1. Tell me whether segment B:38-57 contains one or more residues that are in contact with a helix residue (DSSP H, G or I) (Cβ under 9 Å, 6 or more places away or on another chain), in the same structural domain as B:M111 (by TED's automatic domain parsing), closer than 24 Å to B:H143 by Cβ and touching a residue at least 60 places away in the same chain (Cβ under 8 Å).
2. Which residues, counting only those in segment B:209-225, are part of a helix (DSSP H, G or I) and within 12 Å of another protein chain (Cβ to nearest Cβ)?
3. Of the numbered conditions (1) more than 14 Å from chain B (Cβ to nearest Cβ); (2) within 30 Å of B:D99 (Cα to Cα), A:D311 satisfies every one except a single condition; which is it?
4. Can you tell me which residue among A:I87, A:I100, A:I109 is more than 15 Å from the chain's Cα centre (by Cα) and farther than 30 Å from A:E223 by Cα?
5. Within segment B:31-59, restricting attention to residues that are more than 12 Å from chain C (Cβ to nearest Cβ) and crowded, with 24+ Cβ neighbours inside 10 Å, which residue is modelled with the lowest pLDDT?
6. Identify all residues within segment B:185-208 that are in a helix (DSSP H, G or I) and either touching a His at 6+ places or on another chain (Cβ under 9 Å) or buried (at least 24 other Cβ atoms within 10 Å of the Cβ) (or both); write none if there are none.
7. Assess whether A:L241 counts as being free of Cβ contacts under 8 Å to residues at least 24 places away in the same chain, surrounded by fewer than 23 Cβ atoms within 10 Å (Cβ to Cβ) and more than 14 Å from chain B (Cβ to nearest Cβ).
8. I'm trying to understand the selection: among the residues of segment B:248-274, which are assigned to a helix (DSSP H, G or I) and closer than 27 Å to B:L151 by Cβ?
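The values are calculated or read from the model by the stated rules, or taken from the named source; none is laboratory data. Remember, it's a predicted structure, so these values are computed and weren't measured experimentally. We place every Cβ from the backbone using ideal geometry, glycine too, and count neighbours over all the protein chains shown.
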Amino acid sequence: MNLHIKNGRVIDPASQLDAQLDIFIRDGKIVAMSSHLDGFTADQTIDATGLIVCPGLVDLNARLREPGQEHTATIESETLAAVAGGITSLCVPPDTDPVIDTPAVVELIEDRAKKSGRAMVYTIGALTQKLQGELLTEMAALKMAGCIGVSNGLSPIKNSLILRRAMEYAATLDLTLFINAADPWLQSNGCVHEGAISTRLGLTGISETTETIAVARDLLLIELTGVRAHFHNISCGKTILLIKDAQNKGLAVTADVSAHHLHLSEHDIGNYDTLSHVMPPLRSIRDREQLQQGLRDGIISAICSHHQPLDNDAKLGPFAETTPGISGLETLLTLTMKLVDDEEITLHQAIASLTSHPADILGIDAGQLKIGAQADICIFNPNIYNECQPNKFVSAGKNSPFSGWLFNNKVSHTVFNGKLVFEQDKIRSIIV
Amino acid sequence: MSHNQLTESGRLHHFLSIEGLKRPLLTEMMDRAEQFSSISHQQVKKVPLLRGKTIVNLFFENSTRTRTTFELAAKRLSADVISLNINTSSASKGESLRDTLHNLEAMHSDMFVVRHNQSGAAEFIAQHVAPHVSVINAGDGCHAHPTQAMLDMFTIRRHKQHFPDLRVAIIGDILHSRVARSQIQALATLGVGEIRVIAPKTLLPTDCKTLGVHVYHDMEAGLKDVDVVITLRLQLERMQGALLPSAREYFQCYGLTERKLSLAKPDAIVMHPGPINRGVEIASAVADGPQSVILEQVTHGIAVRMAIMSMTLGSQAEFHEVTP
Amino acid sequence: MTIPATNSDIQTLLTAMADEIRYSLDGKKPLLIGIHSGGVWVAQQLAAILGADFFDSPLGTLNIAYYRDDFTRIGMHPQVTPSDLPFAVDDRHLLLVDDVLYSGRTIRAALNEIFDYGRPASVTLAVLIERNGRELPIQADIIGQSLTMTEDEHIKLSNNNGLTLTLSTAKAGENDVA
């Protein structure tokens, strides 16, 4: 199948390319990027005039709810949502049910993803069995089955000795450790940032030390063990200083921030708006500014969705009783581009933080446009006024606090493995 | 914040929190409570003001005292009252709240009085009832207990009249107290001269000063020249979770004894939202002493709740779904 | 039709009313009840004319705010001075006094309130002004003067160093459900 993407502004941060070019795709691969190609007859042409053409986005953390919570969402529904958001590669954390602690679960997920055929789903394997923080998983087997990293999900390992050993074992296998850092005792049953808002609303707060203490401990163990590590979903300005320090020391440490933490703060909780209930919580305005600065400075190199689709029931109730999480696949690009529109980051930084940087972190061959590579491409319109309507999301989860937000950009086409898998206003298949 | 408590014309529709309400409205509440309090002394303790209205007490947390005063208040206004005690120990708490609401709407009630152990519960219910239905917060988690705060203000006004001259001290577990939060908001809105909180650090919320109070850890310093002393109930569960070592030490440092009370003004009044833990937050001699107005608070509770119920149900005309 | 406006006009009416009251209630040891606030003023004047011994007790006052039938429509009244009946009503003859009888709803509310207190032997209604516009089957026993007015006309009793009546033409307000 020959695909021709015509006249778009092609931006590829990995090769520092930014030019008006056509892209020619044959048999799933990019065969040329130039103004024309002799002897190429396109089966399908996409007119990308006025549009930006970049690598398909790479999302470091998205929950697809399968296996385990298929009543909420499935790999089928969420990969469709992913490509609707221009995302062609995404990473699933190990806290599925069953946990990704055996090759069988890895294969199940990869199988289902292959069947949907729309996006590449990578798995992060469990660091410990059942994520219980005691016994190591067979990480070599998981790696062989296809896991590109390991993590203990949302259950931080309390026992520092076990964490040290797990890090050493992962380092032996050259596996990246993905960390959601939080001190479980300080976190307790808190649900919002500890501060003036938690005091006013009478909700149990989560102090910033919950994150900084955990990060500090983990960094010291990372230094000791030499494991390559990535911190997910940084929420505090102070954490950035710790990571910066570690990076300056030459440690292989990277970090990402969620698209929502770059835009929202504790004030967005307003009058107990459960759509703003996330973990880690939305913090102060100052933290948000510092997160944006951390991104500009490159200490945080990737933006991700931390997608958590939830059904309506999960968000209907008194704040503390609701489930935290935002359905974020379809707003990842729009929120990142909004930072560009607001002149907080440059266009190239924005695209890099969604493509080449996350791909580097994962160590995968994605997030770039080059001749001979698999054709995973995101085409979007950077100049189209539209309103965020979560109830029209493709994802099974409509839980987003961005309802009514006005954006200036929208994904128009997504290509995966040389096939057009998403076209705006023409959803490619129906979700049952 | 609480913009949805008022109707378009500024009348009280829900009473969820003191926050967002202005002084004239709070004053009106107290004035009406004055008017209603005389009814309790009459031969006929009832007026037909809310006859035909159905009021449902939705209590997800046990409370005989508060529930009883709401029942009495409703009955003195000739309303029909139903009290539901809903057990929240089931695993699916959120579900039961919503399901309960759906079931109750079929009963065509005019008002829900809600008490729940989660902050924000009353707000949640107010967002999910039919437009003409009023919701009164009888206490939600650690967030607010506005009817208690208003009866406390009413009591203070009866004894002290002029709020700007007053120094008020609130002693105890402010961190977990919805009563304290509402009291502080009410005192601030009514223009009280100075609001003090007296507690150990473990029992104070983060950024406490943003509530507009002066913080004291030393009780003797905090009580000096105070006009109103409000003691809060200390829940004995606070000994777990490393908030306090023991009730005895708490009484030693923060219990209101006659000697410590003497540091306040000689005509200072002593209040407590109840129920009292004698010998923990307050000595019996003080609770039963001449400066204590604790029993009065209980009586005032009925008149104040009658005022609030009639104010909110009186605004139903602004909602077109009122059944003729 | 002349509207009795001045204080002396009103005194003339009150004197005539007092005569009728004396005629119908003499010997029955009646109790006097005035409806806030105009009825109270009229009752006070009648008590002055009839003398301290005529009624068996100081004046009782009724505030029918909690008994009105329009609570759902217009909500709570701004000021409510509580009712005060310093006597028991069971088996007694009551003289109920109001300033203007119009729709009859105020009297209906007043009767409801009185009956919450007990069971009187009789209730005699005396009003200073009776006008057309009845919405309930309520009639006064003793009337100062009857007036016929249009829907837009309203009559109001004021007490500024003496009672006066004023006629105004306007859309009906909350107060005009007498």
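1. Yes, there is a match, as at least one residue in segment B:38-57 is in contact with a helix residue (DSSP H, G or I) (Cβ under 9 Å, 6 or more places away or on another chain), in the same structural domain as B:M111 (by TED's automatic domain parsing), closer than 24 Å to B:H143 by Cβ and touching a residue at least 60 places away in the same chain (Cβ under 8 Å).
2. Taking segment B:209-225 as the starting set, the residues that turn out to be part of a helix (DSSP H, G or I) are B:209-211, B:219-223.
Across segment B:209-225, the qualifying residues are B:K209, B:T210, B:L211.
3. A:D311 satisfies every listed condition except (1).
4. Matching residue, one of A:I87, A:I100, A:I109: A:I109.
5. Of everything passing the filter in segment B:31-59, B:L58 is modelled with the lowest pLDDT.
6. Kept after step one, since they are in a helix (DSSP H, G or I), are these residues of segment B:185-208: B:185-189, B:201-203, B:208.
Within segment B:185-208, B:A186, B:L187, B:K201, B:L203 qualify.
7. Here the answer is yes, as A:L241 does meet what is asked.
8. Within segment B:248-274, B:Y250, B:F251, B:Y254, B:E258, B:K260, B:L261 meet the criteria.
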